[in-house]
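Colleague: Got a structure for you, questions after.
The values are calculated or read from the model by the stated rules, or taken from the named source; none is laboratory data. Everything numeric here is computed off the predicted structure, so don't read it as measured data. Cβ placement follows ideal geometry from the backbone for every residue including glycine, while neighbour counts extend to all protein chains displayed. Heads up: the accessible areas ignore ligands, DNA and RNA and are worked out on the full protein's heavy atoms, side chains in. Shrake-Rupley method; radii C 1.70, N 1.55, O 1.52, S 1.80 Å.
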Amino acid sequence: MVDESGVTPLAELTTMRVGGAAHELLAPATRDELIAATLDTWASGEEWIVLGGGSNVVVADEGFDGTVVRVLTRGITVLSDIDGRVVLRVEAGEPWDDLVAYTVDNGLAGIEALSGIPGSTGAAPVQNIGAYGQEISSSLVAIEFLDYLAGDLQRLTAADLGFDYRTSTLKQGRRGLVLSVDFELTRSAESAPVGYAQLASTLGVELGTRVPLREVRDTVLALRASKGMVLDPADPDSVSCGSFFTNPIVGENFARTLPEQAPRWANAPEPAPVAVPLGEEPAAPPAQTDFRVKLSAAWLIEKAGIGRGFSLPGSRAAISSKHTLAIVNTGGATAAEVTELGRYVQTRVFSQFGVRMVAEPVLVGVWL
């Protein structure tokens, strides 16, 4: 196990390239070493965080006064292959896009539209990563989880993880370490039905059409690259956390108050709350529901007057020149500059539309 305590700035391990050093930085190489290092860290009583690919985190310029455990374990194992349904077990440190490439190369459909997303496989369930009409919740079977409170290994199913839009119980306070992730995929040369309008349009097909896996992957990679959302040393717009804000979810009634041209998509229905007198049994749920509506964060940002390439005076953090959802480090930016710009975006959008923007990356020692 490599100990890089107090030496390596976390900026070197994150795609945003900001952040000071950790008090202790551990890099266990094997699964057993990872478990042992994590349990020892928990037993010490020190503050701790787990770091995967570093693609969805902003670390304070002062660093982290605790222990960072890097997850570097690799491996993909076929657990079963029955009647065209294949279950894979993927170690948490396996780079996500390497996994997607493996599935496409081996004719396994289900996560091909998630091509090009940076980060590690173990981090993917935390925020239920999704793009171009797919989410990992649709193919994830279970995870192997080292629980912080119980201190033991547990198998958590997709139902246990409480997946919703860009969140899960792991993001909502259930602390621990993801050791591996099991996926059930379909053996097929063709993709799952294309479920995203932009992807379908680019492919030249109707929504719901199945197309060759390789064609979906190549098209998604090209779309992401056009937005600076594929890590590329030659692309300064890729020095980011990807989307810095999630698409807001609001009630249908509130959505009606927004300009008619504001993009919106129906989300899952949410039962309207009903008051129940003390001591009485609740009645059957009412038929009427307040549907949740997903808004376009990019549209809200642009219409609040913040365009591509925008930066605050003197700041080295800027809105991507390719996509308003990304904040990029243009060279030498600090975490303070990144989060200052994030707060400015939040303030402008709230002032203009009354919508509170929620940051997507994990913030360590900084705030919005």
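Colleague: With a cut-off of at least 1 residues that are surrounded by 15 or more Cβ atoms within 10 Å (Cβ to Cβ) and of a type in the set (D, E, K, R), name the strands (runs of 3 or more DSSP E) lying wholly within segment 6-111. Give the derivation first.
Modeller: Numbers: elements: 22-27, 48-51, 57-59, 64-70, 76-82, 85-91.
Answer list for segment 6-111: 22-27, 64-70, 85-91.
Colleague: Mind counting the residues in segment 315-342 that are touching a residue at least 40 places away in the same chain (Cβ under 8 Å) and part of a loop (DSSP other than H, G, I, E, B)?
Modeller: 9
Colleague: Moving to a separate point now. If we scan segment 172-187, do we find a residue that is closer than 27 Å to V293 by Cα and crowded, with 18+ Cβ neighbours inside 10 Å?
Modeller: Taking every residue of segment 172-187 in turn, none turns out to be closer than 27 Å to V293 by Cα and crowded, with 18+ Cβ neighbours inside 10 Å.
Colleague: Among the residues of segment 166-213, write down those that are farther than 19 Å from G110 by Cα, of a type in the set (G, A, S) and in contact with a strand residue (DSSP E or B) (Cβ under 9 Å, 6 or more places away or on another chain).
Modeller: G176
Colleague: Tell me which residues, restricted to segment 129-151, are in a loop (DSSP other than H, G, I, E, B) and either without any contact (Cβ under 8 Å) to a residue 24 or more places away in the chain or under 16 Å from G176 (Cα atoms) (or both).
Modeller: Passing the criteria: Y148, L149, A150, G151.
Colleague: Those residues that are among the aliphatic types (A, V, I, L, M) and open to solvent by 40 Å² or more (accessible area, probe 1.4 Å), I need them from segment 291-338; list them, please.
Modeller: Hit for segment 291-338 is A336, nothing else.
Colleague: Among the candidates A222, A234, single out the residue that is open to solvent by 30 Å² or more (accessible area, probe 1.4 Å), part of a loop (DSSP other than H, G, I, E, B), free of Cβ contacts under 8 Å to residues at least 60 places away in the same chain and under 16 Å from K322 (Cα atoms). Lay out the reasoning, then the answer.
Modeller: Working: A222 fails: part of a loop (DSSP other than H, G, I, E, B).
None of the other options fit; the residue is A234.
Colleague: Oh, and also: So which residues in segment 161-217 are more than 22 Å from Y148 (Cα to Cα), outside any loop (DSSP other than H, G, I, E, B) and among the small types (G, A, S), if there are any at all?
Modeller: Within segment 161-217, A197, A200, S201 meet the criteria.
Colleague: What number of residues in segment 76-134 are among the β-branched types (V, I, T) and over 28 Å from E206 (Cα atoms)?
Modeller: Here is the first cut: in segment 76-134, the ones among the β-branched types (V, I, T) are 76-78, 82, 86-87, 90, 100, 103-104, 111, 117, 121, 126, 129.
With over 28 Å from E206 (Cα atoms) added as a condition, the list becomes 76-78, 82, 87, 90, 121, 126.
Here the count works out to 8.
Colleague: Residues being touching a Gly at 6+ places or on another chain (Cβ under 7 Å) and free of Cβ contacts under 8 Å to residues at least 40 places away in the same chain: count how many of those fall in segment 52-103.
Modeller: Counting residues in segment 52-103 that are touching a Gly at 6+ places or on another chain (Cβ under 7 Å) and free of Cβ contacts under 8 Å to residues at least 40 places away in the same chain gives 3.
Colleague: Going by what's in this entry, would V345 be described as at pLDDT 95 or above and assigned to a strand (DSSP E or B)?
Modeller: no
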